[in-house]
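Read the structure below first, then the notes.
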Amino acid sequence: MEWADGKIRCRWANPKNETYIDYHDREWGIPVYDDQKLFEMLVLESFQAGLSWECVLNKRESFRKAFDGFDVEKVRRYDEKQVNRLRDNPDIIRNRLKIRAAVTNADVFCQIQKEWGSFSDYLWHWTEGKVIFEQGLASSDLSDRMSSDLKKRGMKFVGTTIIYAYMQAVGVICSHEEGCFLEHRKETGAVKV
């Protein structure tokens, strides 16, 4: 694949979409410890179910505006009127079940914060704070276990494939493909398992 800047990237990154290239280069696979960002990515990944990540990413700013900047405390308190407001918003994905899941997941997210001190502490405990290097997978034993735990806590749209993609997005799993200029990124402290 030809890239304007001559860098080689993962095959999934669309060279014709600057937003996608920027996401690949500056976000995907970089460890995140900020709970607001972790909540944002959880919401966006749950909306991806059955769709392409590019579709969700292209609507990210609209999602941010519609979901009050991904303020988890505000989202967890959304009532039926606010759910309907989101359902009527043509700038986001208007799936009622996914919108309701975002509200439910916000509440569970806050419960996890209270239990663990932060959602970040909960998330990173699964790998003892280490980044895992894996390529070519869509799920794993780790995503199976985390997905199961989140479902038991009441979260929705958090199946193993979504959770695996989430862990890749927030840098718990580093999956840049062989040949990508970000493969084996040293600053992540990635370890091969």
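The values are calculated or read from the model by the stated rules, or taken from the named source; none is laboratory data. Everything numeric in this text was worked out from a predicted model, so none of it was measured. Reconstructed Cβ throughout: ideal geometry from the backbone, glycine too, with neighbour counts over all protein chains shown. The accessibility values were calculated without ligands, DNA or RNA, using every heavy atom of the protein model including side chains. Shrake-Rupley method; radii C 1.70, N 1.55, O 1.52, S 1.80 Å.
Would region 10-60 count as rounded, prolate or oblate if I go by the C-alpha gyration tensor, calling it rounded below 1.5 in a/c and otherwise prolate when a/b exceeds b/c, oblate otherwise?
On the way: a/c = 2.12, a/b = 1.26, b/c = 1.69.
In terms of gyration-tensor shape, oblate.
With the other protein chains left in place, how much accessible area per residue, in square angstrom, belongs to the chain at a 1.4 angstrom probe? Show your work: numbers first, answer last.
Numbers: 9680 Å² over 193 residues.
In whole numbers, the chain has 50 Å² accessible per residue.
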Between the alpha-carbon centers of region 9-33 and region 146-178, tell me the distance in whole angstrom. 18 Å
For CYS174, other-chain or 5+-apart residues with amide H closer than 5 Å (H placed, Pro excluded) are ILE132, PHE133, GLU134
Taking θ as phi - 60°, what are the ³J(HN,Hα) couplings along region 52-62 by the Karplus curve (6.51, -1.76, 1.60), each to the nearest whole Hz, with x for Gly and Pro? 8, 5, 4, 4, 5, 4, 5, 9, 4, 5, 5
Taking the Cα atoms of region 1-85, what is the range of coordinates along each of the three principal axes, in descending order and whole Å? 48, 27, 20
Cβ-Cβ cut-off under 14 Å around ASP144, Lys and Arg +1, Asp and Glu -1: the net charge is 0
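Go through region 105-150 and name the GluC sites (Glu not before Pro) that are in a DSSP coil and have 16 or fewer other Cβ atoms within 10 Å of their Cβ.
The qualifying sites are GLU128, GLU134.
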Within the chain, which complete DSSP H helices have Cα atoms spanning at least 15 Å along the helix axis and a mean Kyte-Doolittle hydropathy of -1.0 or higher? 35-48, 96-116
Estimated vicinal HN-Hα couplings, Hz - region 129-135 in sequence order (Karplus 6.51, -1.76, 1.60; Gly, Pro = x): x, 9, 8, 9, 9, 8, 10
Add -39500 (n - 2.57) for each DSSP H run of 4 or more in the chain, then divide by its residues: what number comes out at 222 nm, to the nearest 500 deg cm²/dmol? -15000 deg cm²/dmol
Provide, as a two-decimal number, the C-alpha radius of gyration of the chain over 2.2 N^0.38 Å, N being how many residues it has. 1.02
